[in-house]
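A.B. asks: Take this structure first; my questions come after.
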Amino acid sequence: METEKTDQLFIPGAIAPDLIARSISRHQAMTGTGAQDIFLGQVRADVIDGKTVAAIEYTAYESMALTKFEEIRDKALQQYELSGVEIFHSLGEVKVGEICLFVLVSSPHRRAAFDGLHYVVEEIKAQVPVFGKERFADDSYQWKVNT
Amino acid sequence: MTVLLFGITKDIVGSSTLSLPVSSTSRLRTVGELKDYLSSTYPRLRNLSSLAVAVNNSYAEDSDKIDNFDEIALIPPVSGG
């Protein structure tokens with residue numbers, strides 16, 4: 001099955017809506033596709049000890065993160081009937097309400113798309129060495145932990 | 001031996017890399033021994049909900065062997081996405 005490689009996985013700052021639109025359009029050329037499913041991770045204004053998160057600043061162990069993203073993508077393509085997996089993740093500052101993770105999977109059929117997308121997002125959250133520093137309005141911060 | 005630090009481990013140690021002298025590392029043969037050594041030197045590492053070690057870009061087990069040529073990194077709880 002034809003699969004597409006992504007060129008630039010890490011994006012400086014927030015992921016812009018037009019990048020998402022372009023990815024969706026690109027997949028329209030894959031005429032064996034019957035379903036695309038996407039996940040958008042958005043920075044939430046959590047309130048912690050009375051202080052509200054204003055932004056998350058992402059850093060990563062980049063070489064290992066890229067290896068992990070590739071492993072997750074390969075496993076998803078092996079385990080589910082997918083024709084494409086695209087992953088984009090922000091580095092640097094992403095403000096509340098902006099998008100920090102974009103995953104798109106495509107498949108001939110919806111069920112594989114739902115299941116494959118779920119797998120990819122959960123694996124990213126658990127495995128990939130990306131670290132989010134939650135910044136508050138007063139410039140204090142705390143390190144986020146995925147649950 | 002050089003250890004790369006990320007996220008909160010960088011704050012705890014106060015630097016993005018930690019160079020360990022041969023006098024300390026010659027006795028450290030496994031990932032578990034390295035973790036014990038670092039946790040006793042930087043006790044705040046013990047407060048983390050998890051602390052993994054990556055050897056050459058892969059998560060390692062405590063029993064895995066390490067040497068000076070490996071790329072070693074401390075991985076605190078991840079928070080991507």
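A.B. asks: If residue A:80 satisfies every condition in (1) under 20 Å from residue B:54 (Cα atoms); (2) more than 14 Å from chain B (Cβ to nearest Cβ) but one, which is the exception?
C.D. replies: Here residue A:80 clears every test but (1).
A.B. asks: Out of the strands (runs of 3 or more DSSP E) lying entirely within the stretch A:54-147, which hold 2 or more residues that are open to solvent by less than 10 Å² (accessible area, probe 1.4 Å), in contact (Cβ under 8 Å) with a residue 12 or more places away in the chain and closer than 20 Å to residue A:14 by Cα?
C.D. replies: Output list reads A:84-95, A:99-107, A:130-136.
A.B. asks: Return the only residue of A:105, A:145 being under 18 Å from the mean Cα position of the chain (by Cα) and under 20 Å from residue A:55 (Cα atoms).
C.D. replies: A:145
A.B. asks: Let me ask something else. Scanning the stretch B:25-53 for residues that are closer than 15 Å to residue B:70 by Cα and part of a loop (DSSP other than H, G, I, E, B), which turns out least open to solvent (accessible area, probe 1.4 Å)?
C.D. replies: Ranking the candidates gives B:28 first.
A.B. asks: Okay, next question. From the list A:74, A:7, A:49, which residue is at pLDDT 95 or above and over 17 Å from residue A:130 (Cβ atoms)?
C.D. replies: Criteria check complete, one pass: A:74.
A.B. asks: I'd like to know if the stretch B:14-24 contains one or more residues that are modelled with pLDDT of 95 or more, assigned to a helix (DSSP H, G or I), farther than 16 Å from residue B:77 by Cβ and open to solvent by less than 60 Å² (accessible area, probe 1.4 Å).
C.D. replies: So far as the stretch B:14-24 goes, no, none of its residues is modelled with pLDDT of 95 or more, assigned to a helix (DSSP H, G or I), farther than 16 Å from residue B:77 by Cβ and open to solvent by less than 60 Å² (accessible area, probe 1.4 Å).
A.B. asks: I would also like to ask the following. Among the residues of the stretch A:21-53, count how many are hydrophobic (A, V, I, L, M, F, W, C), open to solvent by less than 50 Å² (accessible area, probe 1.4 Å) and closer than 20 Å to residue A:80 by Cα.
C.D. replies: So the count comes out to 2.
The values are calculated or read from the model by the stated rules, or taken from the named source; none is laboratory data. Not measured: the values here are computed from a predicted model. Positions of Cβ are generated from backbone atoms using ideal geometry, with glycine treated the same way; all protein chains shown enter the neighbour counts. Side chains are part of the model used for accessible areas, which takes the heavy atoms of the whole protein and leaves out ligands, DNA and RNA. Shrake-Rupley method; radii C 1.70, N 1.55, O 1.52, S 1.80 Å.
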